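Worksheet: the structure to be examined is printed underneath.
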Amino acid sequence: MPTPSPTPTPTPEPTPNAAALPDFGAGELIVTTIDGLRVRQRPGMTSLILTGLLPLNAELQVVMGPILVEDTGWYLVVDADPDEPQFEEGWIASGFEPDAFLASTGAASAETPFLASFAQDGNAQYGPVEIGDGDHAIRWVALDPERSRCQFAVLLAAGSAEPVPAIRATIGDGVVPGTLQPGSFAALGVRGQVFINVESDCAWTMVIVRVPEPLEEPAPSPSP
């Protein structure tokens, strides 16, 4: 009687994690690699949908990311495609390498206001980032992967100067966005070669944004 062949044991699929997320920088132009992605108000499959299904090769500009929410990677993007559906800004699922939903075009927008973006779980140090004249802001999103409570703090240092506290927040059980407004950024007196120090036990992403100067309204014509 022939000996039965052993049943092969299937190889388990690896658990998606932040190390397998595609890596794009602030201002980078990317395209969708599949048909049917949606843009959402915040990262997460239960967040409000902002637009219809994006087609294959829809062009987007990266603002910040990635951040892992509900076992899915997310990037904040702005619309860079003239075709429908159109939107201003929103979060889009990135998928995981080697079959990510997004791919780089190898180009960046020449007029982007997004200077630099960072993403990490926990503490991190970056820099220097050149902060020139004019108004700047920092936008960020953080969450506790355990959905309990975590701390998110950012300190900025100009050159070899001592770091100064810029952002401090306690994150509860949701996805929390925030902004260091231009007035607060300017009050810190941080200019030139700036180093960023993040002290956190959260998952987070942030971007430094150059804020355009407001358009001057024309002076009223003198009364006849």
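The values are calculated or read from the model by the stated rules, or taken from the named source; none is laboratory data. Everything numeric here is computed off the predicted structure, so don't read it as measured data. Here the Cβ is made from the backbone with ideal geometry for all residues, glycine too, and neighbour counts use every protein chain on show. All accessible areas refer to the heavy atoms of the entire protein, side chains included, with ligands and DNA or RNA removed. Shrake-Rupley method; radii C 1.70, N 1.55, O 1.52, S 1.80 Å.
Where only DSSP H runs of four or more residues are counted, the chain gives -500 deg cm²/dmol as its mean residue ellipticity at 222 nm, each run worth -39500 (n - 2.57). Here residue 104 sits with roughly 50 square angstrom of accessible surface, probe radius 1.4 Å. Going through [x] 19.4; [y] 18.5; [z] 17.9, the figure that equals Kirkwood radius over Cα pairs in Å as computed for the structure here is [x]. Rolling a 1.4 Å probe over the heavy atoms of the protein chains gives the range 57-100 an accessible area of 40 Å² per residue.
Using a probe radius of 1.4 angstrom, the carbon and sulfur fraction of the accessible surface of the chain is 52%.
Here the label points at residue 191 and residue 211, each 7 Å from Cα along the C-beta direction, are separated by 1.6 nm in the simple model.
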